[in-house]
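Right, one structure below, let's go through it.
Please treat every number below as a calculation from the coordinates, not as lab data. It should be emphasised that the depicted structure is a prediction, and the values quoted were computed from it without experimental measurement. Cβ coordinates were reconstructed from backbone atoms using ideal geometry, including for glycine residues, and neighbour counts include every protein chain displayed.
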Amino acid sequence: MAQEKKIPYKIYLEESEMPKAWYNVRADMKNKPAPLLNPGTHQPMTAEELGGVFCDELVQQELDNENAYIEIPQEIRDFYKMYRPAPLVRAYCLEEKLGTPAKIYYKFEGNNTSGSHKLNSAIAQAYYAKKQGLKGVTTETGAGQWGTALSMACSYLDLDCKVYMVKVSYEQKPFRREVMRVYGASVTPSPSMETEIGRKINAEHPGTTGSLGCAISEAVEVSVKNPGYRYVLGSVLNQVLLHQSIIGLETKAALDKYDIKPDIIIGCAGGGSNLGGLISPFMGEKLRGEADYRIIAVEPASCPSFTRGVYAYDFADTGMVCPLAKMYTLGSDFIPSANHAGGLRYHGMSPILSQLYDDGLMEAVSVEQTKVFEAAEQFARVEGILPAPESSHAIRVAIDEALKCKETGEEKTIVFGLTGTGYFDMVAYEKFHDGKMDDYIPTDEELAEYRAKLPKID
Ligand SMILES: *Cc1c(COP(=O)(O)O)cnc(C)c1O
């Protein structure tokens, strides 16, 4: 008979053990993240200026570099209970398959209909919009995860939700679109004929299939022109990392229950929200000198913001309507090659993570997409869960680190974030299976071209 495992396959928290406050890592950072700048004046955005874009409480959270803990309102905690606590899973089956002495854990965020961690911030942003008496929110979505999460949160709170979905995804991902409509969102293919910017782009580029930058510009325009609406964003911002700290706080509480100390913490990085949320409490200990961890951000080789970008002020969107953010960036015009199927396509990175990375407090690696899908499939076959391509970047590096332990015989404890499921990514998996996926890596010359277009800020 197999020996009984001391640590259970899944560590769950009791409802009473769930975090009651988010943790704001900025409070413990010596070098604070750089402020957002007004794109016109290049001066730090004031609370008043930000209030035209975000709800008042979210503006407070965006600017708060001091308070370490911010209470999670009871209504949000109740919503979290529908799909949280998320399990922390001991990957016994994967360890066995790899033959590694490493101990691998993953925090699984795919246990809700939107299929990812994005719901953690969607409900918070929708809640504050509702509390302020707003009618609704607007946003953009590419592949659709954020739009789905936001539509779920809005329907729960009876808030209108207008989603601008990049036209090519709208046409190619009808299922995501319909899920959003189940939750009552209006989904408009972008560029549309409903906005000035959309009509302009359609006139200049007839037949265009759209881009995220264009969808952002449309969503912003609609929020500004409709009283009672605000624009919301699913990653990058300080407030989003704050909400996502629920991931790290639950992970830490689960590990603490069994006195487990991780050596390595790994997460995929698109705009940085899941990684920032997962590592926050651990980074806090590191910043306060209480513990040390290796923290690794994983990004696609085709969109390498950390590993090949520069740390500079840049536009947050292609339309150049949003505030400037200081971050690791490839330039706001950068779009990964059409062949890139693994998500994590954003040109920039969370300002908080950018500062932590610049201070040498975390590492970053980039991985090629065929290697990512190999890891995804290896994982799916032993652990059961069909991972999102984005999440599979973290799986890749967790497996690589576990295989290093196999060589050295070290029994390291590895924790990684499994951000979501990949049911809507079957076209990408199909490409992988049919050998139609290649590993395009941008050249230095290409990256230099985009870099040359960065705004000049003194
Ligand atoms: C959006 C998304 C990501 C990347 O976003 P971050 O803000 O970097 O966390 C990762 N995984 C999944 C499943 C996503 O939907």
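Couple of notes before you dig in:
- The rule of thumb for compact globular proteins, 2.2 N^0.38 Å, goes into the C-alpha radius of gyration of the stretch 8-76 1.50 times.
- Mean silhouette area of the stretch 147-280, derived from the convex hull of its C-alpha atoms and averaged over all directions, reads 10.2 nm².
- Among HIS347, HIS433, the order by Cβ neighbours within 10 angstrom, fewest to most, reads HIS433, HIS347.
- The longest part of the chain holding none of the exposed loop chymotrypsin sites (Phe, Trp or Tyr not before Pro), meaning those outside H, G, I, E and B in DSSP with at most 13 other Cβ atoms within 10 Å, is 10-257.
- Expressed as a fraction of 2.2 N^0.38 Å, the C-alpha radius of gyration for the stretch 89-211 is 1.36.
- Neighbour counting of Cβ atoms within 10 Å sorts the residues MET327, MET362, fewest neighbours leading, into MET362, MET327.
- Label-point gap, in nm, between ASP444 and ALA291 - each point 7 angstrom along Cα→Cβ: 4.0 nm
- Note that the stretch 1-122, at 20 °C in a medium of 1.002 mPa s, gets a Stokes-Einstein diffusion coefficient of 118 µm²/s from its Kirkwood radius over C-alpha pairs.
- Zone of ASN339's modelled label, taken as backbone nitrogen in the stretch 371-406 under 16 Å from a point 7 Å along Cα→Cβ: 371-374
- Charge dipole (debye, nearest 20) of the chain; +1 at Cβ of Lys and Arg, -1 at Cβ of Asp and Glu: 660 debye
- The lysines within cross-link reach of LYS436, meaning a Cα-to-Cα straight distance under 29 Å and a gap of 8 or more places when in the same chain, are LYS97, LYS167, LYS173, LYS371.
- Put the Cα centre of the stretch 21-43 next to the Cα centre of the stretch 255-291 and the gap is 20 Å.
- Stretchable slack from ASN65 to GLU96, in nm (0.36 nm times residue separation minus alpha-carbon distance): 6.8 nm
- Relative contact order (percent, whole number), the stretch 353-396, Cα cutoff 8 Å, 6+ residue spacing: 35 percent
- Annotation: the residues CYS93, CYS268, CYS154, sorted from fewest to most other C-beta atoms within 10 Å of their own C-beta, follow the order CYS93, CYS154, CYS268.
- Placing +1 on the Cβ of every Lys and Arg and -1 on the Cβ of every Asp and Glu, with no other charges, gives the stretch 72-119 a dipole of roughly 60 debye about its Cα centre.
- Qualifying trypsin sites (Lys or Arg not before Pro) in the stretch 342-439, where qualification requires a DSSP coil assignment and no more than 10 other C-beta atoms within 10 Å, comprise LYS436.
- Legend: calculated FRET efficiency, ASP434 to LYS404, from the Cβ-Cβ distance at R0 = 25 Å, rounded to 0.05, equals 0.20.
- If you wrap the tightest convex hull around every Cα atom of the stretch 259-386 and split its volume per residue, you get 122 Å³.
- The dipole here belongs to the stretch 271-379: it is taken about the Cα centre, uses +1 on the Cβ of Lys and Arg and -1 on the Cβ of Asp and Glu, and is about 80 debye.
- More than 29 angstrom apart: percent of Cα pairs within the chain: 44 percent
- Seen from PRO73, the other residues with C-beta closer than 12 Å to its C-beta sum to a net charge of 0, counting Lys and Arg as +1 and Asp and Glu as -1.
- Full-extension gain in nm, SER186 to THR370, via 0.36 nm per residue minus C-alpha separation: 62.7 nm
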